[in-house]
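Here's the structure, in structure tokens; my notes come after.
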Amino acid sequence: MSHAPIAPNWPARIAIALAALLALVTAIALAVTIGEMKIPLSTAFQALGNGVFNLGYPVSAIQQGVIFDYRLSRALLAALCGGTLALSGAILQALLRNPLAEPYILGISAGASTGAVAVMILGFGGTVLTLSGGAFLGAIAALAVVALLATGAGGSSDRVILAGVAGSQLFNAATATIVTTLANAEQARGVMFWLLGNFGGVRWPDVWVATPVALICFGICMLHAKVLDAFAFGADAAASLGVAVARVKIVLFATTAVMTATMVSIVGTVGFVGLVIPHAARFLVGPAHARLLPTCLVIGAIFMILADILSRILVPQQILPIGVVTALFGAPAFALILYRARRAT
Amino acid sequence: MTLAAHDIRWSAARKMIVDGVTLRAEPGRILGLIGPNGSGKSSLLRLLCRLRKVESGVVTLDDRDLATMARRDLARRLAFVEQQASTEVQLSVCDVVKLGRTPHRGALASWTDADEAAVEAALERVDMSERHDQLWHTLSGGERQRVHIARALAQEPRELILDEPTNHLDIQHQLSILALLRRLGVTCILALHDLNLASLFCDEIAVMHEGRVVASGTPSEVLTEDLISRVFGVAVSIRAGASGRRHIEYLIDPSDEGIAR
């Protein structure tokens, strides 16, 4: 029997990848031009040329600053944030075999914010790296608490969600305790605003941290794409297909914790993206993870950029927290999934 | 040589579930495990395919200790069909069978001719080729079980372990699944509830009771009136059936209300 690989349809793949890239670039272009100060697309491209290649186009210093230092970094970080949260949701849904699993509902985001807030208020520097580190420790702690609660409660798929809800409450309470007892008024206001999710403070150093994290974690997830497919009938079925279940779970839970923690430490908690996008992606490309994961990354990125644009223009003269906008779309989608899950059983 | 257990033990919540079982499958033959609910059949099967770790004793495959084998090598040699495994993922029949190729493929390997041939052959052997593109959750219980067996066959195993593959199926599908297993010519170890089906289809039978194997041998050696009344607590009369195999008739006290009417 020959072992010749069946040639994948390369032209189609390249066409799809190019279309996805084009959609992403269009979304970023929209994000850069739309806002309180409307800027023509041509100026935006000139500013980009100035910023990256020092081309010296005649762009006013204010426009250059708004586009390059403010809106572009913000749009790129929104893309990274949406992509990685959607990716985390897809991974958690596959591993836990639960359509409602995602970092926000499972309390991982809450744990990450507790960690980040602790670093912010108790000191330790408060740079991007220490914040991310604190958030990562918080996320791992939350994962551990939720895993313990879930296994203690029988370990079934719905118990995991209940444990996640309990974990979220616990860590949100811890965050509130830290803020109310240890923070001064100004710190408290800043933390509360940040907790709801906010791209306002994003600058280039945040992008330089988030980009490698997103790319490396995406690579790790893609290496596990076939393994995630094998979880369709549960962990025992995966194990009997030769999957090292314990190792895979540790690696992938840690990967989702890293992605969630990095994003939470930069923009705060953003709910529902991890829940809704994987379902939309599955609807488009089916359940095979080799296709699902890159689709989640791209759709999540585009969704978050558009959500960020909405957050800036929905109420004139005011910026809504990004978590409010995603919840506006996410909550109805959540209800729909619950309703469908009930019908299926 | 094939799969064997040597004095294996396993407990859960401080209760011995599998208590010193020694067992040997014969190549190409069907070994049936029978026993009342909670006698440890499912746990024993899970120990035999290393889904649970034995606490003492060893399971060997061709005289190699199963615990020392890489999980992936094991999955290319031995396949397991769970009782009623289900999924909420929208998979087609073909997608499910393709999962059986997982242990044969690396993380970045693309789909090969050999993979495709194994999947098609597996579907052919369980007589589900025409259902190739049908969605898994639209299948009947018997069809689902066939697809699970096809998935297991796509692993190209020499040993197949099945946990009550006929559970919840009507009698026609029970018979057709067991006839299918006989035709495969793969070494099978399976748990069964129906004693007559065990008598009809198994080459050897091991009887489990409270975590121990209390009798093993050919169906005619094992299935005696005395043993069944001792293990299952029911009175039976055993005679040669039309197939030449033992047929078990359950004797019920006619004064028992509900039967008399």
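Taking first residues from the range B:237-253 that are touching a residue at least 12 places away in the same chain (Cβ under 8 Å) and partners that are of a type in the set (D, E, K, R) and part of a strand (DSSP E or B), the Cβ contacts under 8 Å between residues at least 6 apart in sequence or on separate chains come to B:S237/B:E249; B:I238/B:R246; B:I238/B:E249; B:R246/B:R239; B:H247/B:R239; B:E249/B:R239.
Listed by first and then second residue, the pairs with beta-carbon distance under 8 Å, at least 6 apart or on different chains, first residue in the range A:50-79 and closer than 24 Å to A:V270 by Cβ and without any contact (Cβ under 8 Å) to a residue 40 or more places away in the chain, second in a loop (DSSP other than H, G, I, E, B) and not aliphatic (A, V, I, L, M), are A:V66/A:G35.
Restricted to the range A:1-86, the set of helices (runs of 4 or more DSSP H) holding at least 1 residues that are at pLDDT 90 or above and of a type outside the set (D, E) comprises A:10-33.
Consider the range B:136-160 and keep the residues that are on the phi < 0 side of the Ramachandran plot and assigned to a loop (DSSP other than H, G, I, E, B). The one that is surrounded by the fewest Cβ atoms within 10 Å (Cβ to Cβ) is B:S140.
Mind listing whichever residues of the range B:191-210 are surrounded by 22 or more Cβ atoms within 10 Å (Cβ to Cβ) and over 13 Å from the mean Cα position of the chain (by Cα)? Once the filter is applied, which keeps residues that are surrounded by 22 or more Cβ atoms within 10 Å (Cβ to Cβ) and over 13 Å from the mean Cα position of the chain (by Cα), the range B:191-210 yields B:L195, B:S199, B:V207, B:M208.
Quick grid of which residues meet (1) surrounded by 24 or more Cβ atoms within 10 Å (Cβ to Cβ); (2) in contact with a helix residue (DSSP H, G or I) (Cβ under 7 Å, 6 or more places away or on another chain):
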position	(1), (2)
A:F253	no, yes
A:V258	no, yes
A:H279	no, yes
A:A307	yes, yes
A:I322	yes, yes
A:Y339	no, no
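The values are calculated or read from the model by the stated rules, or taken from the named source; none is laboratory data. Quick caveat, the model's predicted, so the values are computed rather than measured. Quick reminder, even Gly has a Cβ in these numbers, built from the backbone with ideal geometry, and neighbours come from all protein chains shown.
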